[in-house]
Amino acid sequence: MLNRISATDAGNNLPDIINRVVFAHEPVILTVSGKPVAAVISLEDFQFLQDFEDQTDIDDALKAAEEPGKNITAGQMRKELGLTDYGLPG
């Protein structure tokens, strides 16, 4: 079960929370008025999630590239989106 703590209590116990998260690898859920609003995780866990998300994006892009469909150039895409060459509205 995940540790839950109010945001107020978390502020008063930040060193303890950091120790739990970093050394015990225990994520901590912060609550406001009893409702979960945020999670505190170790930098190592955060990096793992970032890498996983990046790999998922790459896998999705590779799948999309294999699907049949209409291919357009970057210039055509900018024109369809009403953007200039600098990515700003035209």
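What follows is calculated from the coordinates using simple rules that are stated; it is not laboratory data. Owing to the predicted nature of the structure, the values given are computational and were not obtained by experimental measurement. Cβ coordinates were reconstructed from backbone atoms using ideal geometry, including for glycine residues, and neighbour counts include every protein chain displayed.
Report the residue count in the stretch 32-64 for those that are in a helix (DSSP H, G or I) and either in contact with a strand residue (DSSP E or B) (Cβ under 9 Å, 6 or more places away or on another chain) or of a type in the set (Ser, Thr, Tyr) (or both).
Number satisfying all stated conditions: 1.
Just to be sure I understand, how many residues within the stretch 3-20 are out of contact with any helix residue (DSSP H, G or I) (no Cβ under 6 Å at 6 or more places or on another chain) and in contact (Cβ under 8 Å) with a residue 24 or more places away in the chain?
Qualifying residue count for the region: 5.
Taking Gly69 as the residue in question, decide whether it is touching a strand residue (DSSP E or B) at 6+ places or on another chain (Cβ under 7 Å), farther than 30 Å from Ile18 by Cα and surrounded by fewer than 10 Cβ atoms within 10 Å (Cβ to Cβ).
no
Looking only at the stretch 15-31, count every residue that is loosely packed, with under 14 Cβ neighbours inside 10 Å and over 21 Å from the mean Cα position of the chain (by Cα) and tell me the total.
Selection size over the stretch 15-31: 5.
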